[in-house]
Amino acid sequence: MVIGGYTLSPEYGRLQIPLVDQPTMEDVKSIIFEYSKFDGVTSLSITPAPEAGPYEINLYSDSGNYLLMLNQYLDDGEHVVRTLNNASAGTQLIDVLGDCYQASLITRDIGIVISCFQEFLSAGDVSSLVLSV
């Protein structure tokens, strides 16, 4: 696996997060914790990607709002994206990096984010009870 991404700032523009090949649990935790403070994207990818199954989890961070997306290939070659689904958060739209998403897809809890990334690192997937289609 490999973890990397980028941050966005008005002062410096787009800054690349250094790639870490074969990250440890501690690498994942510290990278997510450090870079989630900034607007940007962090990705943990299986390399090479499998023909079927999950292959990448992405974190989109914007002003303390976190959008998690797990990308997965299906057996028939189709592609699905799994996300959080906190129905109690409602349908209000929240801007994340210039796109609007329902509040039910967003969390402000960095602990959930770290947990999902660590589960993906150890198991190559995240429970469908947490991230679903």
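Looking at the stretch 70-85, which of its residues are among the aliphatic types (A, V, I, L, M), surrounded by fewer than 17 Cβ atoms within 10 Å (Cβ to Cβ) and in a strand (DSSP E or B)? 80, 81 - these are the residues of the stretch 70-85 that are among the aliphatic types (A, V, I, L, M), surrounded by fewer than 17 Cβ atoms within 10 Å (Cβ to Cβ) and in a strand (DSSP E or B).
When the residues of the stretch 35-47 are filtered to those that are modelled with pLDDT under 95 and either touching a helix residue (DSSP H, G or I) at 6+ places or on another chain (Cβ under 6 Å) or not hydroxyl-bearing (Ser, Thr, Tyr) (or both), which remaining residue is surrounded by the fewest Cβ atoms within 10 Å (Cβ to Cβ)? Here the answer is 37.
All told, residue 27 meets the bar of being assigned to a helix (DSSP H, G or I), free of Cβ contacts under 8 Å to residues at least 40 places away in the same chain and more than 12 Å from the chain's Cα centre (by Cα). Is there a residue in the stretch 89-100 that is touching a helix residue (DSSP H, G or I) at 6+ places or on another chain (Cβ under 9 Å), not in a strand (DSSP E or B) and not small (Gly, Ala, Ser)? For the stretch 89-100, residues touching a helix residue (DSSP H, G or I) at 6+ places or on another chain (Cβ under 9 Å), not in a strand (DSSP E or B) and not small (Gly, Ala, Ser): present. Set side by side, the residues 8, 19, 68 differ, and just one is touching a Cys at 6+ places or on another chain (Cβ under 7 Å) and at negative phi, which is 68. When the stretch 36-67 is filtered for residues that are more than 16 Å from residue 124 (Cβ to Cβ) and of a type outside the set (S, T, N, Q), the ones remaining, listed by number, are 37, 38, 39, 40, 41, 59, 60, 62, 64, 66, 67.
How many residues, within the stretch 80-125, are in contact with a strand residue (DSSP E or B) (Cβ under 7 Å, 6 or more places away or on another chain), under 26 Å from residue 50 (Cα atoms) and touching a residue at least 60 places away in the same chain (Cβ under 8 Å)? Number satisfying all stated conditions: 6. All of 32, 106 fail the test of being buried (at least 18 other Cβ atoms within 10 Å of the Cβ) and in contact with a helix residue (DSSP H, G or I) (Cβ under 6 Å, 6 or more places away or on another chain), apart from 32. Exactly one residue out of 88, 63 is surrounded by fewer than 13 Cβ atoms within 10 Å (Cβ to Cβ) and within 16 Å of residue 35 (Cβ to Cβ), and it is 63.
The values are calculated or read from the model by the stated rules, or taken from the named source; none is laboratory data. Since the structure is predicted, the reported quantities are computational estimates derived from the model, not experimental observations. With ideal geometry, Cβ positions are generated from the backbone for all residues, glycine too; neighbour counts draw on all protein chains shown.
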